[in-house]
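The values are calculated or read from the model by the stated rules, or taken from the named source; none is laboratory data. Keep in mind that this is a model prediction, so the values were computed, not measured. Note: ideal-geometry Cβ built from the backbone for every residue, glycine included; neighbour counts use all protein chains shown. When the accessible area is computed, the model is the full protein with side chains, heavy atoms only, and any ligands, DNA or RNA have been set aside. Shrake-Rupley method; radii C 1.70, N 1.55, O 1.52, S 1.80 Å.
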Amino acid sequence: MSSEPARPALAEIEWLRGVKVVEVTTAVSAPLIGRVLAELGAEVVKVESRAKPDVNRARLPRPTDPEGFPAHESFQLLHESSASKKSVTLNLKTDEGQALFLKLLGDADVFIENFVPGWLDRLGLTVESLREKFPRLVILSASGYGQTGPLRTQRSYAPVMSALAGVEGLIGYDDGQVMGCSALALADLNCSFTGVFLVAAALKGREQTGHGTHVDLSQIEAASTLAGEAFVEAELNGAAPLPRGNADPDGTPWTLIPTERPDEWIAAVDAQSGTLAEGELLELKNLPAGRRPARETLLERLRVRGIEATPVLTPTGVAKDRGFAARGFTQTVQHPHAMIGDVKVTSVPWHLDGQLPRVLGAAPLLGGDNPTILSRFVDAASLADFEAKGVLR
């Protein structure tokens, strides 16, 4: 009998079947919106330029890479954010490239972009002109600071956004010293799932109005919702909230207890009295390394006594955890380039009628769908001519 937990059934979801999405995106925040829409049934075409591709294609070759290894296709974050899509390359600085781009938009329901505001204007493709030309098109602009305001043209990165949103200032020790969590792209991922909701809502709204919408999503403003309780606290108490260390919002402290493995911890709190158990928990916390119990033994020992206890998992621990595995936390897909082989990709975090949406494929090869997608608008001879002229660069 296998020790591996049963995995949920995979299904190709067709909720958005017939919906076509075009995206010009980079990094994680907006590309992940497109991936989720694809795994809900939409066709998502990622438009890139060979001169300036998605930053997730910027992986440099490593000494251990075999000769001819496609480093720019292998970065894990590329597959996390752009699995299940198709890819075309266009040079939007050429008339022919713009004409093909406009044909793509004319055939699309949704356009997603997340570059610094002004890039479309410089190409002569303002949002206003696109809305006039394609009145049913839903346009989602997911920039760091939004399309208006004094910071609109500033570049934004994950730790900058979560810091300006007030999230970083709440993370630290209970003496008020701020430590932050800048290694986590909280603002990006929060933007991604907010964006999916907004696109779905805008498509629903179009059914009633007959017109598309320009959605202006500020990643920083969206990230500020993660610190919502702190804003309420500041309003009520008139004082700036400070880090609480490991304490709950009501002040109840948790304690971290090491186990027999140096990389495994549990967090525990007395659930009955609402205060930290002074006896056994503190004793367990201070046990010397050779006397520390195994994690599962310790968890069971505390839980049967009514003490809340949970593992503190590392990312590696999450990937190996049986509970996550039973939910289908990751899926393995085959990369179209033989030298890369199988790619493991995180699943979307929901089941639909007991089924897990299938990851439809690894991130597409750069421009790998030029023939199939662009041939909807021009013939093979024209595509060959465009390739020679640098239009598909």
Of residues in region 354-376 being open to solvent by 40 Å² or more (accessible area, probe 1.4 Å) and closer than 26 Å to residue 71 by Cβ, the one nearest to the chain's Cα centre (by Cα): 360
Residue 192 being of a type in the set (S, T, N, Q), touching a helix residue (DSSP H, G or I) at 6+ places or on another chain (Cβ under 7 Å) and more than 17 Å from residue 112 (Cα to Cα): no
Condition check for residue 46: within 18 Å of the chain's Cα centre (by Cα) and basic (Lys, Arg): yes
Set 129, 224, 156: member being outside any loop (DSSP other than H, G, I, E, B), open to solvent by less than 40 Å² (accessible area, probe 1.4 Å) and polar (S, T, N, Q): 224
Residue within region 170-180 that is modelled with pLDDT of 95 or more and part of a helix (DSSP H, G or I) present: no
Residue check, residue 86 of a type in the set (D, E, K, R), in contact with a Pro (Cβ under 6 Å, 6 or more places away or on another chain) and either without any contact (Cβ under 8 Å) to a residue 40 or more places away in the chain or open to solvent by 60 Å² or more (accessible area, probe 1.4 Å) (or both): yes
Hey, residue 200 open to solvent by less than 60 Å² (accessible area, probe 1.4 Å), assigned to a helix (DSSP H, G or I) and in contact with a Pro (Cβ under 7 Å, 6 or more places away or on another chain) or not: no
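Residues checked against (1) crowded, with 18+ Cβ neighbours inside 10 Å; (2) in contact with a Leu (Cβ under 6 Å, 6 or more places away or on another chain); (3) touching a residue at least 40 places away in the same chain (Cβ under 8 Å):
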position	(1), (2), (3)
194	yes, no, no
209	no, no, no
212	yes, yes, yes
217	yes, no, yes
233	no, no, no
236	no, no, no
246	no, no, yes
256	no, no, yes
268	yes, yes, yes
Counted residues, region 134-153 - those being surrounded by 15 or more Cβ atoms within 10 Å (Cβ to Cβ), in a loop (DSSP other than H, G, I, E, B) and of a type in the set (Gly, Ala, Ser): 2
The lone exception for residue 35 - which of (1) in contact (Cβ under 8 Å) with a residue 40 or more places away in the chain; (2) basic (Lys, Arg); (3) surrounded by fewer than 21 Cβ atoms within 10 Å (Cβ to Cβ) it fails: (3)
Any hit, region 41-48, residues being modelled with pLDDT of 95 or more and part of a loop (DSSP other than H, G, I, E, B): yes
Lone unmet requirement of (1) modelled with pLDDT of 95 or more; (2) touching a strand residue (DSSP E or B) at 6+ places or on another chain (Cβ under 6 Å); (3) of a type outside the set (Lys, Arg) for residue 375: (2)
Failed criterion for residue 68 (all others in (1) assigned to a strand (DSSP E or B); (2) surrounded by fewer than 18 Cβ atoms within 10 Å (Cβ to Cβ) hold): (1)
Any hit, region 42-49, residues being closer than 20 Å to residue 110 by Cβ and of a type in the set (Gly, Ala, Ser): yes
Top-ranked residue of region 324-353 - restricted to ones that are touching a residue at least 12 places away in the same chain (Cβ under 8 Å) and part of a helix (DSSP H, G or I), ranked as farthest from the chain's Cα centre (by Cα): 326
Counted residues, region 1-29 - those being at pLDDT below 95 and either of a type in the set (Gly, Ala, Ser) or open to solvent by less than 20 Å² (accessible area, probe 1.4 Å) (or both): 3
Any hit, region 299-316, residues being touching a residue at least 24 places away in the same chain (Cβ under 8 Å), under 24 Å from residue 5 (Cβ atoms), over 34 Å from the mean Cα position of the chain (by Cα) and not in a loop (DSSP other than H, G, I, E, B): yes
